[in-house]
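Worksheet for the structure shown next.
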Amino acid sequence: MFFLKTRSFYIYRPHGTSSGSMCLQLQELKFLFSTNIITNHSSMDLTIGTMLLVLAIILITAIVIKIANARVTFDPVCARPPPPVVNSIALLKLLPTLCTKGPEVTMTYLYNKFGSVFTVSILWKRISFLVGPEVSGPFFQGSESEVSQGNFNEFTVPMFGQENGFAVDCSTRMDEIRFYIDALKPSQLRSHVDPMLREVEDYFGKWGDVGVVDLKYEFNHILMLIASRCLLGKEVREKIFGEFYTLFTEIEEGVNLVSFMLPYIPIPVNRRRDRARIKLTEIVTEILRSRKICNRIEEDVLQKLMDSRYKDGRCTTEAAVAGMIIALIFAGKHTSAVVSTWTGACLLTHEKFLDAAFNEQKEIMRTYGDKIDYNVLLEMETLHSCIKEAGRMNPISFGLVRQAQKNIIVRTKEGVEYDIPKGDTLVNLVMLTHKLPHIYKDPKVYDPDRFRSGRDEDKVGGKFSYGTFGGGRHVCAGEAYAFMQIKIIWSHLLRNFELKLTSPFPKTDWSKYALEPKGKVMVSYKRYRVPGI
């Protein structure tokens with residue numbers, strides 16, 4: 001069983017807020033196919049209380065949707081059939097599989113049975129699933145009038161404020177996307193390499209000669225340090241990092257199933273989230289005002305957002321800048337931490353590729369010594385492929401969600417055309433696309449060489465074969481930034497430490513908003529220096 005938000009759930013939305021499409025995958029809704037309503041941290045067994053809660057939510061959904069009369073209407077003139085439908089009864093029969101084997105196995109079964117396009121019908125709600133690059137074009141490239149994010153991301157409004165993101169109109173959001181792209185383009189990224197390097201060297205310099213650490217914790221912390229330095233600036237990094245980190249953690253904790261479905265319900269976690277956002281906004285506003293008063297210009301993303309202008313000539317407001325920078329940190333820091341952790345788990349269990357990444361660092365050091373700059377990072381092709389492959393096998397999102405604003409025509413690789421009706425929720429199953437054998441050879445095997453020149457399986461497979469960072473109109477503006485900071489972290493670790501995974505290879509935690517390794521990822525380290533350089 002799974003739950004997706006419909007317009008009817010927003011009964012707690014304050015007057016004046018609006019919804020629409022956010023074109024950054026940085027702020028993209030991650031498909032909540034499995035949550036704590038279905039699983040817990042110790043097992044995937046359903047309890048009686050859980051089952052009752054599931055039934056209650058289904059009943060409430062049925063009543064609300066029936067009142068809203070949200071039935072799908074089909075175009076009688078259309079000659080193309082709609083996708084095959086999995087009805088509620090068939091879906092209920094899959095509940096034991098979902099609870100014991102997880103959502104990936106369940107959806108793979110449906111894909112094998114119905115093909116790359118199928119619709120799940122729950123009461124009066126239709127969710128059409130797309131698997132594979134052949135049927136993903138309209139999803140990623142459709143205009144706002146054809147395919148939008150609807151109000152699936154409205155839960156971000158109380159997280160980031162009323163003057164940005166899903167609290168503003170589509171035109172303003174498109175301007176915000178432009179601000180992000182301008183702030184994170186290669187010419188700007190070059191200036192962030194040295195600050196990132198200093199943070200990484202200082203942080204791991206505090207490790208002892210030997211020890212055991214939890215990679216998840218370490219990466220979350222170092223990436224927050226990098227974000228505070230490169231995105232927010234030295235005011236936060238040097239003076240109030242501890243306070244900012246604590247407040248930001250309370251914002252992150254506000255992302256849960258209840259807050260997702262009822263973002264304004266006054267429960268304790270939402271109240272802490274709201275207080276944290278207000279305080280973070282005050283902190284950012286104080287920094288902005290201080291810079292203006294002192295006529296001080298810094299080389300960070302906060303400054304770029306501060307200096308940005310909307311197409312109509314308006315300046316960005318303090319509240320809008322605060323919301324945008326909080327949203328950017330939220331999306332970028334957590335995503336990079338998860339991908340960094342999966343990269344470590346994969347490398348430390350595949351000696352061949354660990355050695356290849358290590359040898360690449362040795363060769364680079366023979367050429368450049370200890371110097372690392374933007375161009376040197378670009379030469380770390382083996383490490384780049386190792387990171388990319390970890391993201392392929394363990395994407396942070398099970399699927400991406402949109403709303404069909406018009407009838408959408410898709411064509412499968414077999415040449416069959418389907419007409420997805422207006423009003424359907426669209427879910428692009430990124431995780432299944434990443435495991436398709438006609439695109440990726442031995443897709444369940446960790447093999448970074450699949451992305452090297454000569455194979456390029458993602459490129460040969462066509463557009464949208466690799467969806468960790470979205471694609472088309474919704475491609476992630478922070479992809480290059482993410483790879484850069486992950487490569488800086490892992491190049492330093494490979495050069496300075498012998499690492500060994502001491503805990504079992506982690507499973508995916510399906511209870512999280514953004515999928516991540518479950519539990520701690522424990523690694524032993526021994527300080528080491530590449531010899532002969």
Criterion first (touching a residue at least 12 places away in the same chain (Cβ under 8 Å), assigned to a loop (DSSP other than H, G, I, E, B) and more than 30 Å from Arg80 (Cα to Cα)) does Ala390 satisfy it? no
Evaluate the stretch 219-232: report whether one residue or more is more than 30 Å from Tyr525 (Cα to Cα) and not in a helix (DSSP H, G or I). no
Is there a residue being more than 25 Å from Val193 (Cα to Cα) and either open to solvent by 10 Å² or more (accessible area, probe 1.4 Å) or not in a strand (DSSP E or B) (or both) anywhere in the stretch 374-381? no
Name the one entry in Ser308, Ser340 that is of a type in the set (S, T, N, Q) and over 30 Å from Tyr513 (Cα atoms). Ser308
Given the structure, is Glu144 assigned to a loop (DSSP other than H, G, I, E, B), farther than 25 Å from Thr412 by Cα and more than 19 Å from the chain's Cα centre (by Cα)? no
Only residues that are under 19 Å from Ser524 (Cβ atoms), open to solvent by 20 Å² or more (accessible area, probe 1.4 Å) and out of contact with any Pro (no Cβ under 8 Å at 6 or more places or on another chain): list them for the stretch 199-217, please. Tyr203, Gly205, Lys206, Trp207, Gly208, Asp209, Val210, Gly211, Val212, Asp214, Tyr217
List every residue pair whose Cβ atoms lie under 7 Å apart, where the two residues are 6 or more positions apart in sequence or sit on different chains, the first residue falls within the stretch 469-487 and is over 15 Å from Pro395 (Cβ atoms), and the second residue, located anywhere, is in a loop (DSSP other than H, G, I, E, B). Arg473/Cys23; Ala477/Leu24; Ala477/Leu184; Gly478/Leu184; Ala480/Leu184; Tyr481/Leu184; Lys487/Met380
Restricting to the stretch 352-373, name every residue that is part of a helix (DSSP H, G or I) and among the charged types (D, E, K, R). Lys352, Asp355, Glu360, Lys362, Glu363, Arg366
Of all residues in the stretch 218-257 being surrounded by fewer than 20 Cβ atoms within 10 Å (Cβ to Cβ) and among the aromatic types (Phe, Trp, Tyr), the one that is nearest to Ser340 (Cα to Cα): Tyr245
Against the conditions (1) open to solvent by less than 40 Å² (accessible area, probe 1.4 Å); (2) touching a Leu at 6+ places or on another chain (Cβ under 9 Å), where does Glu318 fall short? Just the number, please. (1)
Considering the stretch 399-411 alone, what residues qualify as being buried (at least 22 other Cβ atoms within 10 Å of the Cβ) and in a loop (DSSP other than H, G, I, E, B)? Gly399
Being among the aromatic types (Phe, Trp, Tyr), buried (at least 19 other Cβ atoms within 10 Å of the Cβ), under 26 Å from Val255 (Cα atoms) and at pLDDT 90 or above, is that true of even one residue in the stretch 138-158? yes
Considering the stretch 266-280, residues that are within 18 Å of Phe160 (Cβ to Cβ) and of a type in the set (A, V, I, L, M), and then whichever is most open to solvent (accessible area, probe 1.4 Å), we arrive at Ile278
Could you pull out the residue among Leu515, Leu501, Leu494 that is in contact (Cβ under 8 Å) with a residue 40 or more places away in the chain and under 19 Å from the mean Cα position of the chain (by Cα)? Leu515
Out of the residues in the stretch 418-446 meeting the condition of being under 24 Å from Val120 (Cβ atoms) and among the charged types (D, E, K, R), tell me which one is nearest to the chain's Cα centre (by Cα). Lys435
All but one of (1) open to solvent by 20 Å² or more (accessible area, probe 1.4 Å); (2) under 21 Å from Pro506 (Cα atoms); (3) part of a loop (DSSP other than H, G, I, E, B) hold for Glu414; which doesn't? (2)
Out of Val212, Val236, which single residue is under 30 Å from Asn496 (Cα atoms), hydrophobic (A, V, I, L, M, F, W, C), more than 24 Å from the chain's Cα centre (by Cα) and not in a helix (DSSP H, G or I)? Val212
In the stretch 160-180, residues that are surrounded by fewer than 18 Cβ atoms within 10 Å (Cβ to Cβ) and not in a helix (DSSP H, G or I) total 2
Going by the conditions given, is Gly242 among the small types (Gly, Ala, Ser), assigned to a loop (DSSP other than H, G, I, E, B) and within 26 Å of Gly478 (Cα to Cα)? no
Any hit, the stretch 123-131, residues being open to solvent by 20 Å² or more (accessible area, probe 1.4 Å), touching a residue at least 24 places away in the same chain (Cβ under 8 Å) and either touching an Asp or Glu at 6+ places or on another chain (Cβ under 8 Å) or part of a strand (DSSP E or B) (or both): yes
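The values are calculated or read from the model by the stated rules, or taken from the named source; none is laboratory data. Predicted model only: the values in this text are computed from it and were never measured. When we count neighbours, we look across all protein chains shown, and the Cβ atoms used for this are built from the backbone with ideal geometry, even at glycine. All accessible areas refer to the heavy atoms of the entire protein, side chains included, with ligands and DNA or RNA removed. Shrake-Rupley method; radii C 1.70, N 1.55, O 1.52, S 1.80 Å.
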